[in-house]
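The values are calculated or read from the model by the stated rules, or taken from the named source; none is laboratory data. Please read all numbers here as calculations on a predicted model, not as lab measurements. Cβ sites come from the backbone with ideal geometry, for glycine too, and all protein chains shown count toward neighbours. Surface accessibility is based on the protein's heavy atoms, side chains included, excluding ligands, DNA and RNA. Shrake-Rupley method; radii C 1.70, N 1.55, O 1.52, S 1.80 Å.
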Amino acid sequence: MRSDANIAGPMTEPVPGPRTESVGEGVSRETPPPMDDTPIGHAAQLAVEALGRAGEGLPRPDRTRVMVVANQKGGVGKTTTTVNLAASLALHGARVLVVDLDPQGNASTALGIDHHADVPSIYDVLVDSRPLSEVVQPVPDVEGLFCAPATIDLAGAEIELVSLVARESRLQRAIQAYEQPLDYILIDCPPSLGLLTVNALVAGAEVLIPIQCEYYALEGLGQLLRNVDLVRGHLNPELHVSTILLTMYDGRTRLASQVAEEVRTHFGKEVLRTSIPRSVRISEAPSYGQTVLTYDPGSSGSLSYLEAAREIALRGVGVHYEAQHAHTSSQNNQQHVAEGLQ
Ligand SMILES: Nc1ncnc2c1ncn2[C@@H]1O[C@H](COP(=O)(O)OP(=O)(O)O)[C@@H](O)[C@H]1O
Ligand SMILES: [Mg+2]
């Protein structure tokens, strides 16, 4: 049993119902939040062990995989996915850089990275051609994880970039000049398709689209896919949608399984077999400057991001992934997909 007595955080419970989350077979995986005397790194290690594959290690890509986490809708789980996947990959042994490309700086906050106005940031990299190495900070508590933070200056970059040379490829150039060895770079995009997102799409080969299992989940997705096609055609021939991740999946609702089924029918193999459950622990973690991996290592949210990371790593080397907790549904309704992709 978990006690909530010591987590008096600012967040409130958004989801009614039982407070115990479970992952398949009715087995509760919820653990108490880390206590002050528990080293966070050790707790996170326990999460990896909880998956029963400790020491197995995951294959590392032979070159840096740059993944652009994009969806011009706000609130679908881009930032949450970026930071938790990045932490998961790092806990699996990879070296990972998170590039925070949203002026809100939510990814920087969630990783516990200082990003007040005077901190050297991705704004300086994009607008003043400052080397990426001068702004990258190590993430506390997670070995192998780094962050290029966003400050509020970035809000002006969308306009400032317009008049600069090579305005679409400034991030790409910065990444190419960065000499530290990295297995993954995850770029957290703002909720728009402006020049910041275009910079991300030019810099990366893979697009990861988080899709929230809610009504209108696919609305506007056609526009994003067209932009990906445009960038591929003109600026970055390697670019493709490699990964779709279903987020905020609530197994108790028929809508969630219906949306999941539609997305799988339409996109097929790009959709990860692992989906991310709606979890209070996931939404609480950022207000403590933590990912769910360190905030509550044994929670369903933590385990599902570790599992998604594993799937991504295996796909990168062409290994077929056997899902443990794939969600299935008999519902199928193509109408929503057709509407969303118009
Ligand atoms: N799996 C989840 N379960 C519960 N809340 C979530 C989950 N994923 C994201 N959230 C919450 O939903 C909100 C939007 O997520 P966020 O990652 O910031 O979206 P985006 O970056 O696309 O705007 C945040 O408050 C976040 O904590
Ligand atoms: Mg965000």
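Just a few scattered comments:
- Given (1) within 16 Å of ligand 2 (Cβ to nearest atom); (2) in a loop (DSSP other than H, G, I, E, B); (3) in contact with a Pro (Cβ under 9 Å, 6 or more places away or on another chain); (4) not aromatic (Phe, Trp, Tyr), number of the condition residue 245 does not satisfy: (2)
- Residues in the range 89-112 that are within 16 Å of ligand 2 (Cβ to nearest atom) and either free of Cβ contacts under 8 Å to residues at least 40 places away in the same chain or not in a loop (DSSP other than H, G, I, E, B) (or both): 98, 99, 100, 106, 107, 108, 109, 110.
- Scanning the range 260-271 for residues that are in a helix (DSSP H, G or I) and away from ligand 1 (no atom under 14 Å from the Cβ) yields 261, 262, 263, 264, 265, 266, 267, 268, 269, 270.
- Selection within the range 140-158 - open to solvent by less than 30 Å² (accessible area, probe 1.4 Å) and either farther than 21 Å from residue 71 by Cβ or not in a loop (DSSP other than H, G, I, E, B) (or both): 142, 144, 145, 147, 148, 149, 151, 154, 156, 157
- Test result for residue 171, touching a residue at least 40 places away in the same chain (Cβ under 8 Å), in contact with a helix residue (DSSP H, G or I) (Cβ under 6 Å, 6 or more places away or on another chain) and under 28 Å from residue 315 (Cα atoms): yes
- Remark: pairs (first residue in the range 232-253, surrounded by 15 or more Cβ atoms within 10 Å (Cβ to Cβ); second residue of a type in the set (Phe, Trp, Tyr); Cβ separation under 7 Å; 6+ apart in sequence or on different chains) = 244/267.
- Residue, nearest to ligand 2 (Cβ to nearest atom), within the range 272-310, restricted to residues that are assigned to a helix (DSSP H, G or I) and β-branched (Val, Ile, Thr): 282
- All positions within the range 165-192 that are within 16 Å of ligand 2 (Cβ to nearest atom), in a loop (DSSP other than H, G, I, E, B) and touching a Leu at 6+ places or on another chain (Cβ under 7 Å): 189, 190
- Residue in the range 231-250 that is among the small types (Gly, Ala, Ser) and either at pLDDT 95 or above or farther than 22 Å from residue 106 by Cα (or both) present: yes
- When each of 126, 161 is tested for being free of Cβ contacts under 8 Å to residues at least 40 places away in the same chain, open to solvent by less than 10 Å² (accessible area, probe 1.4 Å) and not in a loop (DSSP other than H, G, I, E, B), the lone residue that passes is 161.
- Test: residue in the range 76-94 that is more than 17 Å from the chain's Cα centre (by Cα) and of a type in the set (Lys, Arg): no
- Qualifying residue in the range 153-175 (condition: within 25 Å of residue 289 (Cα to Cα) and touching a Ser or Thr at 6+ places or on another chain (Cβ under 8 Å)): yes
- Cβ-Cβ distances below 7 Å connect no pair with a first residue in the range 284-313 that is within 14 Å of residue 245 (Cβ to Cβ) and free of Cβ contacts under 8 Å to residues at least 12 places away in the same chain, a second residue that is open to solvent by less than 10 Å² (accessible area, probe 1.4 Å) and part of a helix (DSSP H, G or I), and a separation of six or more residues or different chains.
- Residue 193 being closer than 23 Å to residue 72 by Cβ and either among the acidic types (Asp, Glu) or touching a residue at least 24 places away in the same chain (Cβ under 8 Å) (or both): yes
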